[in-house]
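The values are calculated or read from the model by the stated rules, or taken from the named source; none is laboratory data. Because the structure is a prediction, the values reported are computed rather than measured. Heads up, the Cβs are rebuilt from the backbone with ideal geometry, glycines too, and the neighbour counts pull from every protein chain shown.
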Amino acid sequence: MLQAAGPGTVVWQETVVSPATPVRSTPTSPWRNLDIALYMSDRPDPSALVVTTTKDLPLAGLRYPFRVGADTWLIVSGSSHPLVGPLAQDMPWIILAIGALTAVLTTAVVETLGRRRDYASALVEERTSSLRSAIADLETAQAQLVRQEKLAAVGQMASAVGHELRNPLGVVMNVLYLMESGTGDDANAPMRRHLATAKREISAATLIVSDLLDFATSRRPILAPVQVSELVAEALSVVPPPEGVQAVQCGETEVVIVADRDQIRQALLNLITNGYDSMPGGGTLTVSVTSVPGSVHITVTDTGIGMNQETRDSIFTPFFTKKTRGIGLGLVVTKRVVDAHGGAITVDSTPSAGTSFTLTLPVAAAMVSAPQ
Amino acid sequence: MNGSAVLVVDDEVGMRDTMVAILEQHGYRVWSAADGETAFSAVQDTAFDVVVMDIRLPGRDGVSVLQEMGVPPPRVILMTAYAHEERLRAAVEANAFAVLHKPFETRRMLGLVADASQAGK
C-alpha cells in the first residue's frame, strides 16, 4: 500500500500473503491428462487388460473396438480431469484418431505376429513330416539290412551245405553208372527200372541243391559255344521220365549258341522236372529247338494239369510252389539265368491241358550283369 | 581199348575210386592223386594225356596246379562241387579243357575225357 506521510513514516510496505492451502494450478496442456487402456476383449474386462497409462480403471471415455483376426480388441481413451484450453473442443476427435491409428498399428503388429506364427507352425510341421519320413526310411533300410544279412547267412550256409552234398551225390551217380554198366544185358527189367528211379531221385536232389546255391550266390555266365540239341539230350538223360511219361526231343539239331552250359543245363532240368511233376497220371513231355534270326527257342511242353492265372502270376516268386516237393526256387533261378544271358522266358498254360515254357536265348549271348 | 593215360585228382576217396573204376572200365590207364602237390609231381614224372582234377583240394587248388604246369600241359578237365566265379574264370583263362560241375552225368565226363585224349594226339 502507498501512503502520503511525513518524515519517519513508512511509505512502502510489501505485504506477503501466503495462501492457507495450496492451489492446484490448472493445466494448460490437455495431453498431460490423456489416458489410454487397451483390452484384448470387446469389454473393459480387467482380466483382459493389455496395457494402460492410468491406475484409475475403469477408464471413462471414448471406446474404440476393433478386430484382430477372429478377436475383438478395445481401446478406451479418456482423461482424469476435465479438459481445458484451446484443444479441449477437438480432443475427442484427436483421441479417436490416435485410437484408430493405434488400432491399425496393433492390428498390423498382431497380424504380422500371427503370420509369423503360422509360418513357423507350417515350417515345424514340414520339418516334423520330413523327420518322420526320414525315420520311416531309416527303419525300412534297417529292416532291409537285417533281411540281407539273413539272406547272406543263408547263402553262406547254402554254399557250405551245397558243396558238401554235391560231392556225395556225384559219388552216388558214379556208383549207379557202375551198377548199370555192371549188370550188362542180363539185367532184368525191374532192376533197370529201380536204377532209373535212383538216378532220377539223385538228379532231383542235385537240382534242389543247385537251385539253392544259385539263388543264394548268383554268378555271371561264363560263356562258351554250346551245342543246344546235345545239351537238351543230356538234360533228358539226366532225369529219366517217370513211369507213364514219354519224353520226346524234336526240332533242329545243329544250333550252337554262346552261353554258360552249366547254367542253361540247370534251367532245362528245372523245366523238364516241373513238366514231369505236372503229369502224375502220365503224358508226354516234348522239348523242341527252333532257331529264329539271332536267337534260338527252346520249348518244353507237357500235357499235365496246367495252371490257372493266379498260379501263373506267382511262378517267378521265390519260394512259391504248388508241388508236393521242391522249394520253389527252380523257375526263379531259371528266369535269372535267362535274364543274365539277355534272353526271355514265356509261359503258356491251360488248366487240365498242359503248360508250355519257351526260353528265347540269343545265339551270341549279350553279357548282362547277374542280379546281386 | 583206349589206352590213354589219365590222372584223376580228388581228395574225396569215394569220388576218386569210382572215377578210376569207370575210366578203367573204358580202357584208360589210370593214376590217381589226393592233393595238388602230389598231382603236380606226378605230372612232372609221367606224360599224361588227360588230367581230371577237382578245383578244391587240400593245400593248393586245382587251378593253381593247372597254372603252374606250363606248356605243353596235358589236357586238364577241372571238376567242381562249388567254386567262386573268380576261380571258374581263372580256370577258363588257364586253358582248362572243360569245367565239370559236380555231380555230373557220368556219360558226359566220359565224353569229355575221350575228346581231351583225342585232342592231344
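Each residue in region A:319-363 was checked for being of a type in the set (A, V, I, L, M, F, W, C) and touching a Phe, Trp or Tyr at 6+ places or on another chain (Cβ under 8 Å), and 7 of them qualify. If you go through region A:219-258 and keep only what is away from chain B (no Cβ under 14 Å) and part of a strand (DSSP E or B), you end up with A:Val245, A:Gln246, A:Ala247, A:Val248, A:Gln249, A:Cys250, A:Gly251, A:Val256, A:Ile257. The set of residues from region A:195-204 being of a type outside the set (Lys, Arg), more than 8 Å from chain B (Cβ to nearest Cβ) and surrounded by 14 or more Cβ atoms within 10 Å (Cβ to Cβ) comprises A:Leu195, A:Ala196, A:Ala198, A:Ser203, A:Ala204.
The rows are residues; the columns are (1) buried (at least 18 other Cβ atoms within 10 Å of the Cβ); (2) of a type outside the set (A, V, I, L, M).
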site	(1), (2)
B:Arg16	yes, yes
B:Ile22	yes, no
B:Gly27	no, yes
B:Ala39	yes, no
B:Gly70	no, yes
B:His84	no, yes
B:Ala94	yes, no
B:Phe104	yes, yes
B:Leu112	yes, no
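With a requirement of 2 or more residues that are away from chain A (no Cβ under 13 Å) and aliphatic (A, V, I, L, M), the strands (runs of 3 or more DSSP E) lying completely within region B:4-116 that satisfy it span B:5-9, B:29-33, B:50-54, B:75-80. I need a count of the residues in region B:41-56 that are closer than 15 Å to B:Glu12 by Cα and surrounded by fewer than 17 Cβ atoms within 10 Å (Cβ to Cβ). Going through region B:41-56 one residue at a time, the tally reaches 0. When region A:132-171 is limited to residues that are of a type in the set (Lys, Arg) and more than 30 Å from B:Thr106 (Cα to Cα), the one that is farthest from the other protein chains (Cβ to nearest Cβ) turns out to be A:Arg132. Among the residues of region A:321-348, those that are of a type in the set (Ser, Thr, Tyr) and either surrounded by fewer than 20 Cβ atoms within 10 Å (Cβ to Cβ) or out of contact with any helix residue (DSSP H, G or I) (no Cβ under 6 Å at 6 or more places or on another chain) (or both) comprise A:Thr321, A:Thr324, A:Thr346.
Of all residues in region A:284-334, count the ones that are among the hydrophobic types (A, V, I, L, M, F, W, C), in a helix (DSSP H, G or I) and closer than 12 Å to A:Ile272 by Cα. Of the residues in region A:284-334, 1 are among the hydrophobic types (A, V, I, L, M, F, W, C), in a helix (DSSP H, G or I) and closer than 12 Å to A:Ile272 by Cα.
Please indicate, with yes or no, whether at least one residue in region B:85-105 is in contact with an Asp or Glu (Cβ under 7 Å, 6 or more places away or on another chain), modelled with pLDDT of 90 or more and not acidic (Asp, Glu). No, because not a single residue in region B:85-105 is in contact with an Asp or Glu (Cβ under 7 Å, 6 or more places away or on another chain), modelled with pLDDT of 90 or more and not acidic (Asp, Glu). Within region A:172-193, does at least one residue satisfy the condition of being within 11 Å of chain B (Cβ to nearest Cβ), within 27 Å of A:Pro318 (Cα to Cα) and surrounded by fewer than 18 Cβ atoms within 10 Å (Cβ to Cβ)? Checked against the condition, which is being within 11 Å of chain B (Cβ to nearest Cβ), within 27 Å of A:Pro318 (Cα to Cα) and surrounded by fewer than 18 Cβ atoms within 10 Å (Cβ to Cβ), region A:172-193 yields no hits at all.
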